[in-house]
Structure formats: structure tokens, C-alpha cells
Amino acid sequence: MSDPESAGSFSFGRVLMLVIPLALVAWAAKMYSGNLENSAQARLERTMASRLLADVASSDSLSQKFADADGDLLADSPQDEKALLDPDTINFSYVASSDTEDEAATWKEFIAALSEKLGKPVNLVTYADVGEQMRALQNGELHVTAFATGETPEAVNEAGFIPAACFADADGKFSYTMKIIVPAGSDVKSVDDVKGKRMTFVRPRSNSGCTAALVMLMKEHDLQPERDYSWGWSFGHENSIKGIAEKKFMAAAVASDILARMIANGDIAESDISVIYESKPYPPGVVGYAYNLKPELRDGIVETLTTFDWKGTGLEAGPGKSGSVKFAPVDYKKDWEPVREINKAGGELFTKLAAPAA
């Protein structure tokens, strides 16, 4: 006959022998599951960050369909005269934007001067999407146009865009900066305070509205989208600036010249916003033409831009409010070097993020 105490002791020991391994298995499973979740989250964060950088990494040199014999980084005019464009009507557009309400008034006098110089009607067209604008340029449907700073390299490399002139001051100087702005009174006082907040970018490819800010946050402050802050698009510098002034957005990257113009126009009060970061200068958006226009058309476009008098025109009433008084010629190879450096850094970050995690 067995001893009751021994029997109880034996039973308890067997329970422990069964329970402890099961508990260890459960703990290990939980830890494994947690590691899987963390790994999946990390992959998601890397994927989203790399997608934001993908646009600047996709087009960093002149397409092989173009020639560049003089090394100016721009597409050469076709040598075959049959490949030159001589449209009956010149189509002109400004930077693609969802806000095109005042473009006719802004460009009315310039379009008239361009038409007179070229001896052809000039038609104002608008595009809400930069992709559509670039396709029109590639297809020969758009002849004179403008691109924002960050979109210019892709337009040059993929669509044969030739930058000609920027808005400039009386001395012919042109530049703007990227600013990160927050609502007045915000607890975001510095770039590091963006962590845990929501950043608003303008759109992909925008230098001041996205790429310059994104690269700066990652390289200088180790702040990665998704991992360290959430983000979204506004699809317009004006939308970002108004969103900050109205306290709808926490932080936004915008162009200084557009911010200055909106303050000058009374669209927002300077006291509505605070600036927590300002970059080095970059060239602003630029007006140019299709590389394959006939030489006399190209020359006429450049001459009209560089001699056009802004006084009393829609350009004076619009861009003139942020200090611009005329067009000044640009040197793409030299003037866009800082933008290409930003894009190169973005491409390097993209490659790093896209590589399999160790």
C-alpha cells in the first residue's frame, strides 16, 4: 500500500514536470510571435520610407534616347531637321497644380508677348498632375512650360525639357529655401520634436515639399517615416501652408517663396506659423521649352523671357509679391547641382532601405 504523502508528492511533481515545459513553450511562442511582429513592422517601415525615396532614385541621368555632345546635361537639339517641331499653335503651361484659377490672369501679358515674338498663337493649358504634364511634353503636345525645382531633373532627363529662366530679383538673383513650419504655439519647437508627430509633404518629387525635407530628417536626425513619424500628402504648397495656419497639420515642408507670397497676399498671417527649420538656398521653379523645337522658336522663347517687362502685368501682381521682378537665365548644370546632390543622397538612402535587412 502506498504512502499517501508520497503519492501526493509524486502527483505534484508530475504536474510541475508537465506545466513548466508547456509554460516555456508558450513563452517561447509568444516571444517568437512578438519578434515576427516587430520584424514585419520594421519591414513595413523600411518599405514605406523607400517608396517615398523611389522617385528621386529612378531618374538620375539623361535618358539614352537623348544626345549630350557638349556635356551640359541637357538633351541636344535633333540634327535631323525632320525631327524638329514647328507647331501651328504653341501650347504653354505653368507648373502642374490643382490650383490653376489665377493662371490666365498671371500669364496673360507674357503669352501675348510670346505670341507676337513667335508669330504664332499661344494657347494656355493647365495640368493638375505633373505626370500628365511630362507626357504632354514627351509627346510633342506641350512646347513651353515650367517645372518645380525637384521635378526639373526628371523633366530634363526623361522628357527633354530645357530650363531657360527663373523668377528673379532686380539683380538677377534667384533662390528659395525649404522651410519646415508648424502652427503658432505648437509644442514642436525643433526638428527632433517631429518624432511621434505627423509630417505633411506636398507631393512626390517636390524638392522643398518632400525630398529635401525627407532626406534631411533621415540623414541629419535619424527620423524615418512610419518608424518615427506618420506622414501624408497635401498636393500643394498652398494647401500645406493653409493647413498649418489653420492648425489642421502638425508640421509641413514648404517653399519659402510661396510662403512669402501667401503672407504678402494676406492669405495667412505671419503670426499663424512658426519656422523650425530652414535649408540652404535652391533654385526655384523654372520656365523652359521642349528640346526639339525649331531653333528660331527656341531663340524667340528665350528672348521673350529675358526681355519681358513685368511692370503692370499679372506676373508683377502674382509672383512679384514675393520679391521677383523679372526672369533671369539659368545654367542647369551649375544651378541645379544642389538639387542633384539631394537626389543623390535620396538615391543612396533608397538603396540602403531597399536592401534586405541583415
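Observations
- Residue match in segment 332-343 (condition: aromatic (Phe, Trp, Tyr) and out of contact with any Ser or Thr (no Cβ under 9 Å at 6 or more places or on another chain)): no
- Condition met for Asp299 (in a helix (DSSP H, G or I), in contact with a strand residue (DSSP E or B) (Cβ under 8 Å, 6 or more places away or on another chain) and charged (D, E, K, R)): no
- Pairs with Cβ under 6 Å, 6+ apart, first in segment 161-178 and within 16 Å of Ser322 (Cβ to Cβ), second charged (D, E, K, R): Ala168/Lys326; Tyr176/Asp257; Thr177/Glu278
- Among the residues of segment 96-144, those identified as of a type in the set (A, V, I, L, M, F, W, C) and assigned to a loop (DSSP other than H, G, I, E, B) are Ala96, Val125, Ala128, Leu142.
- Hits in segment 318-340 - residues which are surrounded by fewer than 20 Cβ atoms within 10 Å (Cβ to Cβ), at negative phi and in a loop (DSSP other than H, G, I, E, B): Gly318, Val325, Asp331
- Test: residue in segment 306-317 that is modelled with pLDDT of 95 or more, exposed (fewer than 13 other Cβ atoms within 10 Å of the Cβ) and part of a helix (DSSP H, G or I): yes
- Restricting segment 190-212 to residues that are part of a helix (DSSP H, G or I) and under 9 Å from the mean Cα position of the chain (by Cα) leaves a set whose member that is surrounded by the most Cβ atoms within 10 Å (Cβ to Cβ) is Asn207.
- Residue within segment 290-306 that is within 30 Å of Val194 (Cβ to Cβ) and among the β-branched types (Val, Ile, Thr) present: no
- Residue match in segment 246-268 (condition: of a type in the set (A, V, I, L, M), buried (at least 17 other Cβ atoms within 10 Å of the Cβ), assigned to a loop (DSSP other than H, G, I, E, B) and out of contact with any helix residue (DSSP H, G or I) (no Cβ under 7 Å at 6 or more places or on another chain)): yes
The values are calculated or read from the model by the stated rules, or taken from the named source; none is laboratory data. Model, not experiment: these values are computed from the prediction. As a convention, Cβ positions derive from the backbone with ideal geometry for all residues, glycine included, and neighbour counts pool all protein chains shown.
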